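Chemist: Below you'll find the structure I mean.
The values are calculated or read from the model by the stated rules, or taken from the named source; none is laboratory data. Keep in mind that this is a model prediction, so the values were computed, not measured. Here the Cβ positions follow ideal geometry from the backbone for every residue, glycine too, while neighbour counts run over all protein chains shown. These accessible areas exclude ligands, DNA and RNA; they are computed on the full protein's heavy atoms, side chains included. Shrake-Rupley method; radii C 1.70, N 1.55, O 1.52, S 1.80 Å.
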Amino acid sequence: QSFKSQESLVTEKSYTRADWQGGYQSLTQEFDYWIDDIEGQIPTELQGTLFRNGPGLLDVNGQFLHHPFDGDGMISKITFTNGRAHFRNRFVRTTGYLAEQKAGKILYRGTFGTQKPGGWLANIFDFKLKNIANTNVIYWGGKLLALWEGSEAHRLDPYTLETLGNEYFNGVLSPGDAFAAHPRLEKNCDQDGGASCLVNFSIKPGLSTTINIFELNPTGEIIRRHAHKVPGFCFIHDFVITPNYCIFFQNPVTFNPIPFALGIRAAGECIKFQPNQPTQILIIPRFPKEGQEEMKILETQSGFVFHHVNAFEVGEEVLIDSICYQDLPEVEPKSDFREVDFEALSPGQLWRFYLNLKNATVRRELIDGRCCEFPSIHPANVGHLYRYLYIGAAHAETGNAPLQALLKIDLESGERQVWSAAPRGFVGEPIFVPRPGSEKEDDGWVLALVYDAAHHRSDMVILDASDFSKGVIARLHLKHHIPYGLHGSFTSE
Ligand code: 3ON
Ligand code: FE
């Protein structure tokens, strides 16, 4: 009797750990080929290039990295022309990548726990962090840029993916100046007479934190820049814009630099989540007017946000949709990320925040409790009212698990559509690409890489964004796998 009831408590998982782990093997090779193993048909109207970035190496010559965020950036690109697709991947030749590949061993401390071999004595008082260029890749102002929020952008050749050097934007930035990995692109910037504008930021840590904000014109020049001081430590990975504001969530965390200085722990392992402290929401005007306050700070419940979906203004209110975690788990020096206990962690969930700027109040509502990460929307709606979002999600509606599905949410009707690659497929960030000449917000395609554990290779899947129930309309089999990545972007130029 009791045996039976125990059995019924065991719910079937949608994946196995061994399958999931396969996507965390390094890819050392660099490829360049036309994809000829395709199921279905690539829409001929889909023209342009999808660039993706993420850690390509999870080890240096057999020495394992402690965390996937420490892996060297590898760019993949898939170019769609007349119903065909071409693949290329290449590592960003950062100073660290070149030196470590030459030496055949780890020479740098990683931000998230990778240490130089030899214990604390080998790491003590080494404050240089390795710029691994692994978080995002954008094509803007005729330049292809690989981004990592801790330091400079790297410029790459958009065709060959060859690394050309660090990007300082005509000397506006200096060596060591960071350029974050989450720029927001406003398609129709009123301030610039309707031209598009790229807004990005950087975090400069110290006793107090400086947030720099940069606005770039379509030729890639920094045309506006301002700096703001915030008390305390910040771990801010992403932000949102509206026509009038830049908005940052200052997650409640503290930083203890001592174990880092002593070589005992990596910088990222010295960040401690504060469950009893509120999240501070920093609202900074993009175009400060005479007499306007420099920054408004509102408070909301404790939680941790890496990524926001979008924000928009409605009268006195600003609405922000974000993926929130109940807490930020500490990276433990002795742990192995491949052995992570998914069920013990809180899932990322989609919330809507309503900021009332007049009354300085915040209220929030859960949009969806399903574990999700890596949102995407129609590029024309960044900073503006929008209806549809696409996001990586767990196969099951509840609990924390690897991303295996793509979820589309209609924020107006509440309708959900799910396409799942379970049990043996694991998805990365979806990217929405509008169909040329389209008028409806969801008229276009959703592109995502799926790691297929059954064949230890990755597929690029294309879905019709207006109707996920059609299943994939094209599945492009690559000749190899691509390790689980972070972010990317599509350009039709
Ligand atoms: O804040 C200070 C200044 C700063 C720039 C201190 C600091 C050390 C935290 C810091 C550096 C931050 C860096 C380098 C952050 C890099 C983040 C990164 C590479 C990736 C973040 C990814 C986030 C998520 C949510 C990934 C999800 C992944 C999955 C669902 C699995 O596929
Ligand atoms: Fe990110």
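Chemist: What tally of residues in the stretch 159-185 results from selecting those that are surrounded by fewer than 19 Cβ atoms within 10 Å (Cβ to Cβ) and touching a Ser or Thr at 6+ places or on another chain (Cβ under 8 Å)?
Modeler: 3
Chemist: May I ask you to list the residues in the stretch 99-155 that are over 30 Å from Glu186 (Cβ atoms) and among the charged types (D, E, K, R)?
Modeler: Within the stretch 99-155, Glu100, Lys102, Lys105, Arg109, Lys116, Asp126, Lys128, Lys130 qualify.
Chemist: Additional query: Just to confirm my filter: which strands (runs of 3 or more DSSP E) fall fully inside the stretch 231-289 and include at least 1 residues that are closer than 30 Å to Glu332 by Cβ and without any contact (Cβ under 8 Å) to a residue 12 or more places away in the chain?
Modeler: On the way: elements: 245-250, 253-255, 271-273, 279-285.
The strands (runs of 3 or more DSSP E) meeting that bar number zero.
Chemist: Look through the stretch 163-187, keep the residues that are within 15 Å of Val137 (Cβ to Cβ) and of a type in the set (A, V, I, L, M, F, W, C), and return whichever of them is nearest to ligand 2 (Cβ to nearest atom).
Modeler: Per the stated criteria, the residue is Ala181.
Chemist: Looking at the stretch 39-65, which of its residues are open to solvent by 30 Å² or more (accessible area, probe 1.4 Å) and either assigned to a strand (DSSP E or B) or in contact (Cβ under 8 Å) with a residue 24 or more places away in the chain (or both)?
Modeler: From the stretch 39-65, those open to solvent by 30 Å² or more (accessible area, probe 1.4 Å) are 39-41, 44-45, 47, 59, 61-64; that's our starting set.
Within the stretch 39-65, Glu39, Gly40, Gln41, Thr44, Glu45, Gln47, Asp59, Asn61, Gln63, Phe64 qualify.
Chemist: Restricting to the stretch 115-151, what's the tally of residues that are part of a loop (DSSP other than H, G, I, E, B) and either touching a Ser or Thr at 6+ places or on another chain (Cβ under 8 Å) or away from ligand 1 (no atom under 12 Å from the Cβ) (or both)?
Modeler: Selection size over the stretch 115-151: 16.
Chemist: Tell me which residues, restricted to the stretch 267-312, are out of contact with any Phe, Trp or Tyr (no Cβ under 6 Å at 6 or more places or on another chain), small (Gly, Ala, Ser) and buried (at least 20 other Cβ atoms within 10 Å of the Cβ).
Modeler: Residues satisfying the conditions are Gly303, Ala311.
Chemist: Something else: Which one is farthest from the chain's Cα centre (by Cα), of the residues in the stretch 324-380 that are of a type in the set (Gly, Ala, Ser) and not in a loop (DSSP other than H, G, I, E, B)?
Modeler: Among residues in the stretch 324-380 that are of a type in the set (Gly, Ala, Ser) and not in a loop (DSSP other than H, G, I, E, B), the one farthest from the chain's Cα centre (by Cα) is Ala344.
Chemist: So which residues in the stretch 422-459 are aliphatic (A, V, I, L, M) and closer than 25 Å to Asn310 by Cβ?
Modeler: Once the filter is applied, which keeps residues that are aliphatic (A, V, I, L, M) and closer than 25 Å to Asn310 by Cβ, the stretch 422-459 yields Val427, Ile431, Val433, Val446, Leu447, Ala448, Leu449, Val450.
Chemist: Suppose we filter the stretch 387-410 for residues that are assigned to a strand (DSSP E or B) and either in contact with a Pro (Cβ under 7 Å, 6 or more places away or on another chain) or modelled with pLDDT under 95 (or both); how many remain?
Modeler: The qualifying residues number 5.
Chemist: Check Ser466, Ser413 and return the single one that is assigned to a loop (DSSP other than H, G, I, E, B), without any contact (Cβ under 8 Å) to a residue 12 or more places away in the chain and more than 16 Å from ligand 2 (Cβ to nearest atom).
Modeler: Criteria check complete, one pass: Ser413.
Chemist: If you don't mind, another one. Do any residues in the stretch 325-346 that are closer than 16 Å to Glu397 by Cα have Cβ atoms under 7 Å from those of residues that are open to solvent by 60 Å² or more (accessible area, probe 1.4 Å), where the two are at least six apart or on different chains, and which pairs are they?
Modeler: What qualifies is Leu345/Pro329; Ser346/Gln326; Ser346/Asp327.
Chemist: Being small (Gly, Ala, Ser), open to solvent by 20 Å² or more (accessible area, probe 1.4 Å) and either at pLDDT below 95 or within 16 Å of ligand 2 (Cβ to nearest atom) (or both) is the filter here, so list the residues in the stretch 140-150 that pass it.
Modeler: Correct list: Gly150 only.
Chemist: Within the stretch 210-227, identify whether any single residue is part of a loop (DSSP other than H, G, I, E, B), within 16 Å of ligand 1 (Cβ to nearest atom) and either free of Cβ contacts under 8 Å to residues at least 40 places away in the same chain or surrounded by 15 or more Cβ atoms within 10 Å (Cβ to Cβ) (or both), and answer yes or no.
Modeler: Scanning the stretch 210-227 turns up no residue that is part of a loop (DSSP other than H, G, I, E, B), within 16 Å of ligand 1 (Cβ to nearest atom) and either free of Cβ contacts under 8 Å to residues at least 40 places away in the same chain or surrounded by 15 or more Cβ atoms within 10 Å (Cβ to Cβ) (or both).
Chemist: Also, quick follow-up: Report yes if Val305 is touching a residue at least 24 places away in the same chain (Cβ under 8 Å) and away from ligand 1 (no atom under 16 Å from the Cβ), otherwise no.
Modeler: Here the answer is no, as Val305 does not meet what is asked.
Chemist: Output the residues belonging to the stretch 477-490 that are outside any loop (DSSP other than H, G, I, E, B) and open to solvent by less than 20 Å² (accessible area, probe 1.4 Å).
Modeler: Correct list: His477, Gly488.
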